[in-house]
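Right, one structure below, let's go through it.
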Amino acid sequence: QVQLAESGGGLVEPGRSLRLSCAASGRIDSIYLMGWYRQAPGKQRELVAIMHHTKNTNYPDSVKGRFTISGDIAKGTVTLQMNTLRPDDTAVYYCRTIVATGDYWGQGTQVTVSS
């Protein structure tokens, strides 16, 4: 079993920055990837950023150049730095990890971008 603990959500004005953190615990000896997804009301959950065990990263066009994922996959920690936030970034952000034994999600943290 793997547990994911997310932190760092909140309310921020457009154009400002926010940082999310995720820490995995439990059976984290074989992590393939860690990343962030988000789900806005009435929309499907979508990819925000992922980091593979090779340290390769992936971003959708909607956040490329604004968001950066970093961390230490081997230790089960990732951080999502979100800059130049926009109202359409408002969503619940979920941490996800895929390990040898399965696919795990955090409970989510709310990010609201509003003036």
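Quick rundown of the values:
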item: At 0.692 mPa s and 37 °C, Stokes diffusion of the chain via Kirkwood alpha-carbon radius, µm² per second; result: 235 µm²/s
item: Sequence-distant lysines (8 or more away, or on other chains) whose Cα lies within less than 23 Å of LYS64; result: LYS43, LYS55
item: Alpha carbon convex hull of the stretch 17-80, projected area averaged over orientations, nm²; result: 5.0 nm²
item: Karplus-derived HN-Hα couplings along the stretch 45-59 (A = 6.51, B = -1.76, C = 1.60, θ = phi - 60°), whole Hz, x at Gly and Pro; result: 5, 9, 5, 10, 6, 9, 10, 8, 5, 7, 6, 5, 10, 9, 9
item: Calculated log₁₀ intensity ratio I(q)/I(0) where the Debye formula runs over C-alpha points of the stretch 44-88, q = 0.30, 0.33 Å⁻¹; result: -1.17, -1.28
item: Per-residue HN-Hα couplings for the stretch 66-83 [Karplus 6.51, -1.76, 1.60; θ = phi - 60°; Hz; x = Gly/Pro]; result: 10, 10, 9, 9, 8, x, 10, 4, 4, 9, x, 10, 9, 10, 10, 8, 10, 10
item: Values of log10 I(q)/I(0), in the order q = 0.25, 0.29 Å⁻¹, for the stretch 50-115 under a Debye, Cα-only, solvent-free model; result: -1.29, -1.45
item: Accessible surface of the stretch 1-109, 1.4 Å probe, proportion on carbon and sulfur as whole %; result: 47 percent
item: Heavy-atom surface of the chain, accessible at 1.4 Å and reported per residue (Å²); result: 53 Å²
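The values are calculated or read from the model by the stated rules, or taken from the named source; none is laboratory data. Note that the coordinates shown come from a computational prediction; the quantities given were computed from them, not determined experimentally. Please note that ligands, DNA and RNA were not included when accessible areas were found on the heavy atoms of the full protein model with its side chains. Shrake-Rupley method; radii C 1.70, N 1.55, O 1.52, S 1.80 Å.
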